[in-house]
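Values in this text are rule-based calculations from the coordinates and carry no lab data. Just so we're clear, the structure is a prediction, and the values are computed from it rather than from any experiment. As a convention, Cβ positions derive from the backbone with ideal geometry for all residues, glycine included, and neighbour counts pool all protein chains shown.
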Ligand SMILES: [Zn+2]
């Protein structure tokens with residue numbers, strides 16, 4: 001690509017900055033309005049045409065230089081969260097998960113309950129008998145929906161005191177992202193899945209627009225809003241799409257090829273293999289542009305690509321994304337993986 005190192009560093013800085021803003025905007029599955037609003041403002045600023053689907057996903061489009069099948073790239077703004085299931089007599093809040101994660105991964109997390117009127121109440125996710133000086137159970141008890149609670153920061157808590165604040169069954173519980181960029185370039189935060197993908201997609205759009213270049217084929221950027229609950233890109237894929245490339249996290253862990261410094265290219269996930277030719281094309285783009293990449297297989301994974309195919313879209317699919325360690329837990333990636341992902345997206349768009 002022959003881009004000067006200072007430009008790559010600036011691109012990475014802006015991607016991390018966007019990512020930081022995104023993870024601080026609560027957008028759990030089913031309640032993604034604020035994150036979509038943020039993206040709309042960014043796209044307005046770039047003068048990129050966009051519209052919402054009926055279900056609230058956002059589709060931005062940039063016309064291509066050549067006719068031919070369109071390319072749609074997806075990333076999901078929805079994240080994991082919880083919801084108020086019930087309130088105990090002593091004011092402790094019982095929760096239900098939004099999306100799939102182990103309850104042990106949120107123990108000790110500070111959180112915000114958002115009431116339907118928009119009021120926010122701070123709290124902490126805890127095992128129901130959390131004090132080591134009061135109960136021995138805290139060491140060994142199973143963490144499940146029956147044993148985990150939210151302790152709200154309310155004086156003299158009771159069911160009625162909590163209700164008086166407006167907290168009610170069905171209110172969203174947002175976990176603090178705990179975003180941190182370390183001196184060594186690691187990005188640690190909840191919700192890197194898939195706000196890292198969203199930030200990389202936006203970075204590629206931004207650099208294309210600011211350099212006044214256009215994609216080879218007409219491209220659509222589909223920001224989906226319910227991937228974590230299994231039906232993100234089931235509808236609303238733009239007419240004319242021939243290839244659908246999901247930009248979602250690469251699964252880092254024991255036995256995995258992915259790492260936190262590269263873009264992962266998925267050969268196969270739980271739903272089966274991705275299109276072979278598209279995968280080879282993505283690998284070739286990385287080779288030609290000296291982009292660090294890892295081809296990998298994800299054992300327990302589904303994405304918007306699979307959702308779109310299952311919903312009946314006749315499209316060729318691929319999956320790329322920054323390698324993310326400890327997914328659906330205290331996630332971490334590195335600046336280099338974000339850069340590699342943004343570079344591969346740009347190469348795929350081919351804005352010569
Ligand atoms: Zn994801």
So if we plug the beta-carbon distance of residue 8 and residue 52 into 1/(1 + (r/R0)^6) with R0 = 41 Å, what FRET efficiency do we get, rounded to 0.05? 0.80
Normalised by the residues of the stretch 193-336, what does the relative contact order come to in percent, with Cα pairs under 8 Å and at least six apart? 33 percent
If you consider only alpha-carbon coordinates, what radius of gyration and Dmax does the stretch 283-341 have, in Å? 13.7, 36
Using only the alpha carbon atoms of the stretch 39-93, find the Kirkwood hydrodynamic radius as the inverse mean reciprocal pair distance, in angstroms to one decimal. 15.2 Å
Send over the per residue convex hull volume for the stretch 7-102, Cα only, as a whole number of Å³. 174 Å³
Listed with the fewest Cβ neighbours within 10 Å leading, 294, 268 appear as 268, 294
Among 275, 296, rank each residue by its count of other Cβ atoms within 10 Å, from fewest to most, as a rough exposure measure. 275, 296
Specify the angular offset, from 0 to 90 degrees and rounded to the nearest 10, of the alpha carbon long axis of helix 5-23 from the longest principal axis of the alpha carbons in the chain. 30 degrees
With an 8 Å cut-off on Cα pairs and a minimum separation of 6 or more residues, tell me the relative contact order of the chain in percent. 23 percent
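For a footprinting-style exposure proxy, rank 220, 24 by other Cβ within 10 Å, fewest first.
Numbers: 220 21, 24 14.
Listing 220, 24 from fewest to most nearby Cβ atoms yields 24, 220.
With a 10 Å radius around each residue's Cβ, average the other Cβ atoms per peptide and rank 4-10, 247-253, highest first.
Those peptides, ordered most packed to least, come out 247-253, 4-10.
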Rounded to 10°, Cα long-axis angle of helix 33-45 versus longest principal axis of the chain: 30 degrees
Compute the semi-axes of the equivalent ellipsoid of the stretch 152-301, taking the square root of 5 times each eigenvalue of the Cα gyration tensor, and list them largest first in whole Å. 36, 20, 18
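If you count, for each residue, the other Cβ atoms within 10 Å and average over each peptide, how do 67-77, 208-218, 124-134 line up from highest to lowest? Walk me through the numbers before you get to the answer.
Details: 67-77: 23.2, 208-218: 16.0, 124-134: 14.4.
Per-residue mean Cβ counts within 10 Å order the peptides as 67-77, 208-218, 124-134.
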Along principal axes, largest first, the alpha-carbon spread of the stretch 81-123 in whole Å comes out as 28, 24, 17
Mark the label point 7 Å from the Cα of residue 186 along Cα→Cβ and return the residues of the stretch 318-352 whose backbone N is within less than 11 Å of it. 325-326, 331-334
If you average 1/r over every pair of different alpha-carbon atoms in the stretch 248-352 and take one over that average, what Kirkwood value in Å do you get? 13.8 Å
Packing-based order for 101-107, 194-200, using average beta carbon neighbours within 10 Å, highest first: 194-200, 101-107
When only C-alpha pairs under 8 Å and at least 6 residues apart count, what is the relative contact order of the stretch 267-309, in percent? 53 percent
Helix axis angle, 192-210 relative to the chain longest principal axis, alpha carbon, degrees: 40 degrees
Based on the alpha-carbon gyration tensor of the chain, what equivalent-ellipsoid semi-axes (square roots of 5 times the eigenvalues) come out, in whole Å, largest first? 38, 21, 19
Fully extended contour minus Cα-Cα distance, from residue 212 to residue 147, at 0.36 nm per residue: 17.9 nm
Mind telling me which of 57, 204, 235 comes out most flexible in a GNM of the chain, alpha-carbon contacts under 10 Å? 235
Go ahead and set up a Gaussian network model of the chain, Cα springs under 10 Å, then flag whichever of 82, 141, 342 fluctuates most. 141
Based on alpha-carbon centroids, what's the gap between the stretch 36-88 and the stretch 275-302 in Å, whole number please? 24 Å
